[in-house]
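Contents: one structure, followed by commentary.
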Amino acid sequence: MTRISYTVFVLDLVPVTATFERFQGAITQDPAHPGACAIQVTIDVASLHMDDPARRSHALAPDMLDAAHFPTMRYTGACAAKSIVGNLTLHGVTHPLTLVMQRDGPQVDCAGMLRRRDYGILGMSGVVAGDVRIRLNVHLPP
């Protein structure tokens, strides 16, 4: 099972976690080079799931993710030692994003951090933290 989520802190105290329910992607590995891989993921922004419907509505609003104008986000990268080095396109802006990768058998967990302002997401500054923790959890088939 694959899960894509993010966590952001409100008032630097309260963690708010959201997941995306619709996405497509692929991880390819070269059997001749076990450490080599490539990843590409496209996420449907409107598939955002949060426990609080009002909070979800605001997260998708124009001053935040702006799902109406930017319906997808995309990540592409390649393995480099214990990380994935790539680019994230979010809110119409592309920046490098490195994800630290941990693997335990078929379970792969990737984590990284982005700054909202780098992507032009400025809504609720001062209330919602500027840094967002990104997580990608993948269970690879045997």
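Nothing in this text is a laboratory measurement; each read-out follows from the coordinates by a stated rule. All values reported here derive from a predicted model rather than from experimental measurement. Positions of Cβ are generated from backbone atoms using ideal geometry, with glycine treated the same way; all protein chains shown enter the neighbour counts.
Restricting to segment 1-16, count the residues that are out of contact with any Phe, Trp or Tyr (no Cβ under 7 Å at 6 or more places or on another chain), part of a strand (DSSP E or B) and not basic (K, R). So the count comes out to 8.
If we scan segment 26-48, do we find a residue that is at positive phi and outside any strand (DSSP E or B)? So far as segment 26-48 goes, no, none of its residues is at positive phi and outside any strand (DSSP E or B). Of all residues in segment 9-23, those being over 19 Å from D44 (Cα atoms), of a type outside the set (F, W, Y) and touching a strand residue (DSSP E or B) at 6+ places or on another chain (Cβ under 9 Å) number 4. Among the residues of segment 104-134, those identified as farther than 15 Å from K82 by Cα and part of a strand (DSSP E or B) are M113, L114, R115, S125, V128, D131, V132, R133, I134. For segment 100-114, what are the residues that are closer than 10 Å to V138 by Cβ and in contact with a His (Cβ under 9 Å, 6 or more places away or on another chain)? If the condition is that a residue be closer than 10 Å to V138 by Cβ and in contact with a His (Cβ under 9 Å, 6 or more places away or on another chain), then P106, Q107, V108 are the ones that fit.
Here A26 passes the criteria (1) more than 19 Å from V10 (Cβ to Cβ); (2) in contact (Cβ under 8 Å) with a residue 60 or more places away in the chain except the one numbered (2). Looking only at segment 106-142, residues that are in contact with a strand residue (DSSP E or B) (Cβ under 9 Å, 6 or more places away or on another chain) and on the phi > 0 side of the Ramachandran plot come to 2 in all.
Does segment 66-103 hold any residues that are part of a loop (DSSP other than H, G, I, E, B) and closer than 16 Å to A36 by Cα, and which are they? Hits for segment 66-103 are A81, K82.
Just one of the listed residues (A80, A129) is over 15 Å from the mean Cα position of the chain (by Cα), surrounded by 12 or more Cβ atoms within 10 Å (Cβ to Cβ) and closer than 20 Å to T17 by Cα, namely A129.
Could we say that A61 is touching a residue at least 40 places away in the same chain (Cβ under 8 Å), in a strand (DSSP E or B) and either surrounded by fewer than 17 Cβ atoms within 10 Å (Cβ to Cβ) or among the hydroxyl-bearing types (S, T, Y) (or both) here? It is false that A61 is touching a residue at least 40 places away in the same chain (Cβ under 8 Å), in a strand (DSSP E or B) and either surrounded by fewer than 17 Cβ atoms within 10 Å (Cβ to Cβ) or among the hydroxyl-bearing types (S, T, Y) (or both).
Going by the conditions given, is H49 exposed (fewer than 14 other Cβ atoms within 10 Å of the Cβ) and touching a helix residue (DSSP H, G or I) at 6+ places or on another chain (Cβ under 9 Å)? Against the criterion (exposed (fewer than 14 other Cβ atoms within 10 Å of the Cβ) and touching a helix residue (DSSP H, G or I) at 6+ places or on another chain (Cβ under 9 Å)), H49 qualifies.
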